[in-house]
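What follows is a short report on a single structure.
No value in this document is a laboratory result; all are computed from the given coordinates. These numbers were taken from a predicted model, which means no experiment stands behind them. FYI the Cβ positions are ideal-geometry reconstructions off the backbone, even for glycines, and counts take in every protein chain you see.
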């Protein structure tokens, strides 16, 4: 028995079949894009105690440079969200610490941010500069707590300047650069700090008298 369907009916069946296929396809949810986690690496690449010429005794400073690098194998481009912390604590007295807060102002190359976004090529680096006034979180000037017992026997100090025992500090960094990636930590970095003080007020180039004299 031969069944002859009108062409119109065949066309209707074809349209219904195509609609069914497209309906199934459209109902399938697309996979959610997950941002890669291993995009940035951070390191503390420079720790320098400023000389007495730049930061005299009683007003000492430490300069830090943090360096980040795109370790992803592709160009990464996303909204900038720069925030983080540098925690510095005293090895011998861990209760004495400070926390420095990072923002885009710490970038050594602010032009890296364009229209609120940062583009980093593979292996491209950026850096951030931070200064620490050697004060704790409660504004205590830490050199005042260091040991000057044998200062008179130390060599290498400037004229009229005495040096305390070297002290070890530890730096810990946590930084976010991109809005969607989260925070990246740098390996802890240790450094040695040597406190200085003046032997006599108003003597030598690094120990000028205070505004009201040496009294």
Given 140-147, 107-114, the highest-first ranking by average Cβ count within 10 Å works out to 140-147, 107-114
Starting from the coordinates of the alpha-carbon atoms of the range 40-198, obtain the Kirkwood hydrodynamic radius over all distinct pairs and give the value in Å to one decimal.
17.1
Convex hull per residue volume in Å³, alpha carbons only, for the range 57-139:
123
Between residue 203 and residue 108, what is the label-point separation in nm under the 7 Å Cα-to-beta-carbon projection?
4.0
When 42, 61 are ranked with the fewest other C-beta atoms within 10 Å first, the list becomes 61, 42
Would you report the distance distribution of C-alpha pairs in the range 115-215 as whole percents per 10 angstrom bin, up to the bin with the largest distance?
11, 29, 26, 16, 14, 4, 0
Could you check the spin-label model distance between residue 38 and residue 190? Points 7 Å from the Cα along Cα→Cβ, value in nm.
2.8
